[in-house]
Amino acid sequence: MQRISVVGTTGSGKTTLARQIQQRLNIPHIELDYLHWEPNWTEVADDIFQQRVSQALSGDSWVVDGNYSKVREIIWRKADTIVWLDYAFVLTMSRLLKRTFWRVVTQQPVCNGNRETWKTTFSRDSILLWGLNTYHKRRKEYPILFSQPEYAHLQVVHLRSPQATQDWLFSL
């Protein structure tokens with residue numbers, strides 16, 4: 001387990017777990033949001049995003065977190081392990097709501113100097129709306145993807161609760 005992709009719905013704790021794996025295994029952590037978002041929440045072009053991801057994954061070991069379908073093939077082809085954080089809707093949404101509120105109030109930078117605001121929180125580009133709209137889709141999508149022959153080489157670690165995640169992490 002040296003090339004790990006952490007996936008799960010928005011707010012499930014992908015980045016937090018990836019950082020813990022980084023510390024536990026002493027391997028580089030790659031956060032896809034930093035490769036995808038420029039300042040002022042500007043998305044990079046797909047080809048540039050793909051180049052950045054390919055370059056970031058050029059090493060022998062890493063842990064990457066994120067759900068970007070436009071780079072999934074690049075990541076999963078190189079990965080040996082997928083860690084799927086598949087938590088209950090109520091838990092995920094409550095975490096996302098708390099995180100978003102905290103980031104708006106404290107103006108904590110998210111990536112590349114970007115900040116969440118009340119305006120974006122209650123707009124059609126809201127991370128909360130994104131979470132609502134993608135939660136059930138991801139839960140249906142991942143098992144289908146994992147069963148594809150091109151991903152047969154992947155070890156899938158399916159974690160359904162924070163306790164299961166902590167138990168797995170401590171077993172590393």
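Values as computed for the structure displayed
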quantity: Subset tally (residues that are among the β-branched types (Val, Ile, Thr), outside any helix (DSSP H, G or I) and open to solvent by 100 Å² or more (accessible area, probe 1.4 Å)) for the range 124-161; calculated: 0
quantity: Residue under evaluation ASP46, criteria (1) of a type outside the set (Phe, Trp, Tyr); (2) surrounded by 17 or more Cβ atoms within 10 Å (Cβ to Cβ); (3) closer than 23 Å to THR134 by Cβ, criterion not met; calculated: (2)
quantity: The listed residue being among the aromatic types (Phe, Trp, Tyr) and over 23 Å from ILE127 (Cα atoms), out of TRP84, TRP62; calculated: TRP62
quantity: Qualifying positions in the range 75-92 - part of a helix (DSSP H, G or I) and over 15 Å from the mean Cα position of the chain (by Cα); calculated: ARG77, LYS78, PHE89, VAL90, LEU91
quantity: The lone exception for TRP168 - which of (1) open to solvent by 80 Å² or more (accessible area, probe 1.4 Å); (2) in contact with a Leu (Cβ under 8 Å, 6 or more places away or on another chain) it fails; calculated: (1)
quantity: Close pairs from the range 88-113: first on the phi > 0 side of the Ramachandran plot, partner assigned to a loop (DSSP other than H, G, I, E, B) and open to solvent by 70 Å² or more (accessible area, probe 1.4 Å), Cβ under 8 Å, at least 6 apart; calculated: GLN107/ARG115
quantity: Leading residue by the ranking (farthest from the chain's Cα centre (by Cα)) among those in the range 59-74 that are surrounded by fewer than 18 Cβ atoms within 10 Å (Cβ to Cβ) and of a type in the set (Asp, Glu); calculated: ASP60
quantity: Filter result for THR120 (touching a residue at least 12 places away in the same chain (Cβ under 8 Å), open to solvent by 40 Å² or more (accessible area, probe 1.4 Å) and either in a helix (DSSP H, G or I) or in contact with a Pro (Cβ under 9 Å, 6 or more places away or on another chain) (or both)); calculated: yes
quantity: Every residue from the range 1-43 that is part of a helix (DSSP H, G or I), touching a strand residue (DSSP E or B) at 6+ places or on another chain (Cβ under 6 Å) and buried (at least 21 other Cβ atoms within 10 Å of the Cβ); calculated: LYS14, LEU17, ALA18, ILE21
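The values are calculated or read from the model by the stated rules, or taken from the named source; none is laboratory data. Given the structure is predicted, the values throughout are model-derived calculations rather than measurements. Glycine also receives a Cβ, built like all others from the backbone with ideal geometry; neighbour counts cover every protein chain displayed. Protein only, heavy atoms only, side chains kept; ligands, DNA and RNA dropped before computing areas. Shrake-Rupley method; radii C 1.70, N 1.55, O 1.52, S 1.80 Å.
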